[in-house]
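First the structure, in the form of structure tokens, and then the observations on it.
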Amino acid sequence: MDVLATTERAWLARSVDGPVIEKLSSSCNISTATATLLYLRGLSTADEATQFLAASLSDMADPGLMADINRAALRLLSAIKNGEKIIIYGDYDVDGVTSTAVLWLFFRDVFGIQLGSYIPHRLREGYGLNADAIRTLAEDGTQVLVTVDNGSSANEEARLAKSLGMDVIVIDHHQVSDPEPDVYAHLNPHRQSCGYPYKGLAAVGVVFLLLVELRRALRVAKTPVKVNPRPDHYLDLVALGTVADVAPLTGLNRAIVRYGLTRMKAYCRPGIKAMLTQAGGDILGLSERDFGYKLGPRINAAGRLDDATRGLRLLISDDQDIVDPLARLVEEQNKERKHLQATMTDEALEMSERSENEAQSALVFASPEWHPGVVGIVASRLVETHGKPVILFAEDGGVLKGSARSIPGVDVKAALDLCSDKLMRYGGHVAAAGMTLKPSLFDEFRLAFCDAVDRVKTVSTGLKPVFYDFQLALKDFDRALLNDLMQVGPFGHGNQAPRILSTNVHAAHRILRGGHLKLLISTPAGPVDGLAWNRAADAHMLAGPVDLIFTPDIEVWQGREKVVFRIEAMRPGECAG
């Protein structure tokens, strides 16, 4: 992520209650800084803080509370007993691929069978169930169709599958259509009838709950198995899909990612190891950031530019001779994706600078030169720059295929509902969505969408202040404090890594290839590298003292740990000049 623009934003400390923080610090034997982070997450008692820091799967609510989960488990066991054909219908992003892989691996390991799988091609078929694929699967004898990371709005496709003799089990986390699709079982925490208390799961998290329920059903039915089911053995992939899909790292998700990291370090699957090798990663220093910035993009690259089944094969194969060439191919696709992304980002930013609609509450652009598989990433970049919802369209097969990204306070799916009459098809959730549009309706849709954003937004759009968690003099920063802060992780969406303000910092620097800045900062923890992405133009600030908002982190390179500061914002210090 780019360093936040500081010339247009105020720097503000988050509001805290000093006495409560001091009590948390003493009660839990943690630093004041760590207690501040816990307080900012809504924790004000020692019991709440202790439970949060433990992040234990033992606190997980009973999976049986999820609507239809036992019905789904029993149907799958019946299909296995009767030799029926089961197909997993996935999605081409990381959540969909890991969901498919987890189910596939569980059935292979526990029952000794290899389920069929189908992942639609992003460019040729688009997202979700499609009629042609359903007919093909029916002709091939599919009797149970399990959708993962899709299906909650596939009313027509569900009716078709049912008419062709298939029982459909939907495993999803996207918003649910009204009326809901008519399927055999529908596992989605967002269903109104679903009593599962934690709503933040990615689809792969819902799959994990199903594995737990399958284990329980197996014990009751005394079904013979190849090995005893261990749902926790798949938490590495559940964690990967959860982080890559930007699910909130709160509650159950945080426990999943914590245990998943431990599982991956204890047993690294051959395909994961091959991708890490290509990415220059180190399994010893693996962190949740690697899920989001190393592994996730490489699995996504296969689905964005070509065939998502390559990512699936990387996750399910045990043969290093198979996964090594696949990892090299995916690495090349990721490099191609980066190049396309950089070019498209420059073009989209130029469009936004030339736009005559700056006063509009959203940005909507299109280009026949853009790649449909990358528009979502570029839209996210524009959201960061302009602080308003963005939709970018690429032309494909005579239609416009778009991807939307939003900001807090604007439900982009609700906005699209208000202008759905302009769209051929669409789907998504609060923060992101995809859609297809006839080119002739582009201008009408742009105006309608901007109006819809005004109607659904709960906060004003525009650039927000830069918030930091607490201020700290660098003379007080040491490794013990950093280790203490790391207890609040794993960090990610919904559990943001600490943002610390340090003022009047003196740092040497150099400009890196790509327009980035590398700072060398002295601390009691030793020399620390500060990394400021896309800020080479601000190198002149470092002639004097600077104020920094940074996130501390630990990286491992060639088996050696080092502390780094990821610079979120920078401005001249008060003593400068």
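The values are calculated or read from the model by the stated rules, or taken from the named source; none is laboratory data. Source: prediction; values computed, not measured. Neighbour counts are summed over all protein chains in view; Cβ atoms, including those assigned to glycine, are modelled from backbone coordinates with ideal geometry. To get the accessible areas, we keep the full protein, side chains included, count just its heavy atoms, and leave off ligands, DNA and RNA. Shrake-Rupley method; radii C 1.70, N 1.55, O 1.52, S 1.80 Å.
Laid out as a table, the results:
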{"item": "Sites residue 395 and residue 458 - FRET efficiency at Förster radius 30 Å, r taken between beta-carbons, to 0.05", "result": "0.35"}
{"item": "Length-normalised contact order for segment 125-269 - Cα pairs under 8 Å, 6+ apart - percent", "result": "17 percent"}
{"item": "Three-way shape label, segment 438-577, alpha-carbon gyration tensor, a/c 1.5", "result": "prolate"}
{"item": "Segment 23-81, accessible surface, carbon-and-sulfur percent (1.4 angstrom probe)", "result": "49 percent"}
{"item": "Sequence-separation-based contact order of segment 320-461, relative, with Cα cut under 8 Å and 6+ spacing, percent", "result": "20 percent"}
{"item": "Partners for residue 518 among lysines (Cα-Cα distance below 20 Å; same-chain residues under 8 apart left out)", "result": "562"}
{"item": "Helix-derived mean residue ellipticity, 222 nm - over the chain, DSSP H n ≥ 4, -39500 (n - 2.57), to 500", "result": "-12500 deg cm²/dmol"}
{"item": "Length gained when the stretch residue 46-residue 342 is fully extended (0.36 nm per residue, less Cα-Cα span)", "result": "101.9 nm"}
{"item": "Rg in Å to one decimal, and Dmax rounded to a whole Å, for the chain via C-alpha atoms", "result": "24.3, 80"}
{"item": "Relative compactness, segment 1-141, computed as alpha-carbon Rg over 2.2 N^0.38 Å", "result": "1.69"}
{"item": "With eigenvalues of the C-alpha gyration tensor scaled by 5 and rooted, segment 306-440, Å", "result": "31, 17, 15"}
{"item": "Backbone HN-Hα couplings from phi across segment 490-501 [Karplus 6.51/-1.76/1.60, Hz, Gly and Pro as x]", "result": "x, 9, x, 4, x, 9, 4, 4, x, 10, 10, 9"}
{"item": "Isotropic mean projected area of the C-alpha convex hull, segment 397-482 (nm²)", "result": "9.0 nm²"}
{"item": "Debye intensity ratio I(q)/I(0), log10, segment 217-347, q values 0.11 Å⁻¹ (C-alpha model)", "result": "-0.44"}
{"item": "Amide H contacts under 5 Å for residue 366, placed H, 5+ residues apart", "result": "393"}
{"item": "Share of pairwise Cα separations in segment 94-185, more than 16 Å, in percent", "result": "55 percent"}
{"item": "Mean Cβ count within 10 Å, highest first, over the residues of peptides 555-561, 62-68, 151-157, 33-39", "result": "33-39, 151-157, 62-68, 555-561"}
{"item": "Aspartates and glutamates with Cα under 17 Å of residue 85, excluding same-chain neighbours fewer than 8 positions away", "result": "139, 140, 167"}
